[in-house]
1. I want the antiparallel fraction of DSSP beta bridges within the chain, as a percent rounded to 5.
2. Calculate for the chain the 222 nm mean residue ellipticity that helices alone would give, adding -39,500 (n - 2.57) per DSSP H run of length 4 or more and normalising by residue count, nearest 500 deg cm²/dmol.
3. Keeping all protein chains in place, calculate the accessible area per residue for region 94-213 (probe 1.4 angstrom), answer in Å².
4. For region 1-67, what is the convex hull volume of its Cα atoms per residue in Å³?
5. Using a cut-off of 14 Å between alpha-carbon atoms, which aspartates and glutamates can reach Lys66, once sequence neighbours fewer than 8 places away in the same chain are excluded?
6. What whole number of Å gives the distance from the Cα centroid of region 1-78 to the Cα centroid of region 168-193?
7. Please report, in whole Å, how far the alpha carbons of the chain spread along each principal axis, starting with the longest.
8. Show me 205-212, 121-128 ranked by packing, highest mean number of other Cβ atoms within 10 Å first.
Amino acid sequence: MIAVETAGGPLLVPYEIRHSARARRIRLSLGPRNQALLHIPRRSSVQTALDFLRSQGDWLEKQLRKAPPPLSLAAHLAAQPRLSGLGREFSLMLNFTTARPFLVFSEQSGEAEFRYPAGEGAEAALRILLCEFARKVIPPRIHELASRHGLRIRRVSVRDQGSRWGSCSGRGTLSLNWRLVLLPVELHDYVLLHELAHLTEMNHSDSFWKLLRAYDPRVEAHDRELTRVSRTLMRLGRAGTF
């Protein structure tokens, strides 16, 4: 937490700092957990970034007032009853059960069904089912794409990242966000290809974007659309444990 100055006095806000090879200046945004998110050039000091953050209190206070309330998973899935995985879209049916929550899906029919309890435990149950579905469909798809491009993955994990869709370690371990299944298929695959490109290029240099463009010719359009939908989707399923 950090105290920032506003016209009405000090305001305590959580913050996160990210060094970025692509950043040319310090950039401030509101993260998916309503944290101050600072992107700073690699050569910038943390102290400079914090001084900048402290001066942006009025802007942050305004953004926090405008931030939408969290959308429930049940409401989101009822409005958009589809999931992505294995390179295809699944139509989703939601039904209640008094027994233990469970899911079934068929790649052949493209249908998935979640059964979960009504009432207070619905959100937690849906989150567990989405994570279970993600663990079943994300690793096979990224292995398929890796094989297609002659790449070798050491290990894949599906996790609950705070604001990232995925990450790649220097040892070839990929960590992917379970919320990928909430994306349209083409954006889901774009994230997977993005992380696969990091197996060869561990930064966001021109060489990286050239390689990713070879994997996905629509990289610019997909990157813009992913940025557009991320703020909403990253706010989903924040309660509970993973």
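1. Roughly 55 percent of the DSSP beta bridges within the chain come out antiparallel.
2. -12000 deg cm²/dmol
3. 49 Å²
4. Enclosed volume per residue, from the Cα hull, is 77 Å³.
5. Correct list for Lys66: Asp58.
6. 24 Å
7. Its Cα atoms span 55, 47, 29 Å along the three principal axes.
8. 121-128, 205-212
The values are calculated or read from the model by the stated rules, or taken from the named source; none is laboratory data. Please read these numbers as outputs of a predicted model, since none were measured by experiment. All Cβ positions, glycine included, derive from the backbone under ideal geometry; neighbour counts span all protein chains shown. Calculation scope for accessible area: heavy atoms of the full protein, side chains included, ligands and nucleic acids excluded. Shrake-Rupley method; radii C 1.70, N 1.55, O 1.52, S 1.80 Å.
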